[in-house]
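Here's the structure, in structure tokens; my notes come after.
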Amino acid sequence: MLQSNSLSTVSDNHLPGAQTFPLMPKVLIARATLSELVGELQYTSKMPGPSWSIDAIHCITGQKLRAEVPTSPCAKCYAMKGNFCRGKVKDANRKRLHAWATVPNWAEAMASLIETSITFGDPFFRWFSSGDLQSVQMLRDIVQVCTLTPMIHHWLPTQERGFVTEFLALGGEFPVNLTLRVSASEIGGVTDPFLLSSVVSSRKLKRIWQQRIQRESTFRYFCPSSQQDGVCGTCRACWDQRIKTIVYLEH
């Protein structure tokens, strides 16, 4: 079953007069113990909440796009430079991937860690601030985490459309609190007509995209972070399943 576009499935706290779902955290294990077990979550100034990542060198489709498609957003991947290349960041990413592959009951531990780390009243979580899905099994495990944390809104951007297609073909379903967006493989490229998606716009095409969005505002939304110091602020559009496609300005 594909993701529902029902208005009741997503928080509207970025819309005037709307309410955020309440969050009732369950502290099953001390946060420090959970972090030691599965790796610490990331906190960045841009995101409204924590996120989970692995090293971008492990991107399967992303590596091919970097090597073969110069017009791909992966060719200029933000996660292959700057802070992401620091030793401590790479070590933390390595630990998260190793934990996913080796820790029994990883999904239950991750669900508990996320619940104890989310800010009350703003329950938003991002998967893959760097890196991407490694297999259909990883997608299944993330879906289980989302199912175990029904009061938290999860966003998962991915280039691994093959894993997503296989997961759905095998009868997998996305819980209503998971917004999975398949990313266009080229800057300004075509997005999947059946799944929620995202696309990167070049700076030259920014005005064209903005004009297009004005005509089709129900289905597309231009990320405002480039006009507000690179942060989400009060915007939660990436988690909003009513928005078919999110358009980001290239880094």
remark   = If we keep only residues of region 62-82 that are modelled with pLDDT of 90 or more and among the charged types (D, E, K, R), then the residue surrounded by the most Cβ atoms within 10 Å (Cβ to Cβ) is Arg66
ask   = Hey, does region 116-136 have a residue that's touching a Phe, Trp or Tyr at 6+ places or on another chain (Cβ under 8 Å), over 20 Å from Leu178 (Cβ atoms) and not acidic (Asp, Glu)?
value = no
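Picking from Leu205, Leu168, Leu139, which residue would you name as being out of contact with any strand residue (DSSP E or B) (no Cβ under 8 Å at 6 or more places or on another chain), farther than 17 Å from Cys238 by Cβ and modelled with pLDDT under 95?
Criteria check complete, one pass: Leu205.
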remark   = Reported set for region 49-84 where residues are assigned to a loop (DSSP other than H, G, I, E, B) and among the polar types (S, T, N, Q) is Ser53, Thr71, Ser72
inquiry  = Within region 85-189, considering only helices (runs of 4 or more DSSP H) that don't extend past its boundaries, which have at least 3 residues that are among the aliphatic types (A, V, I, L, M) and buried (at least 17 other Cβ atoms within 10 Å of the Cβ)?
reply    = 87-102, 106-117, 136-148
request  = Could you figure out which of (1) in contact (Cβ under 8 Å) with a residue 40 or more places away in the chain; (2) in contact with a His (Cβ under 8 Å, 6 or more places away or on another chain) isn't true of Ile118?
outcome  = (2)
Qualifying position, being within 14 Å of Ile114 (Cβ to Cβ), surrounded by 12 or more Cβ atoms within 10 Å (Cβ to Cβ) and modelled with pLDDT of 90 or more, among Leu37, Leu23 = Leu37
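The values are calculated or read from the model by the stated rules, or taken from the named source; none is laboratory data. Note that the structure is a prediction, hence the values are computed from the model and not measured. So basically every Cβ, Gly included, is an ideal-geometry build from the backbone, and we count neighbours across all protein chains shown.
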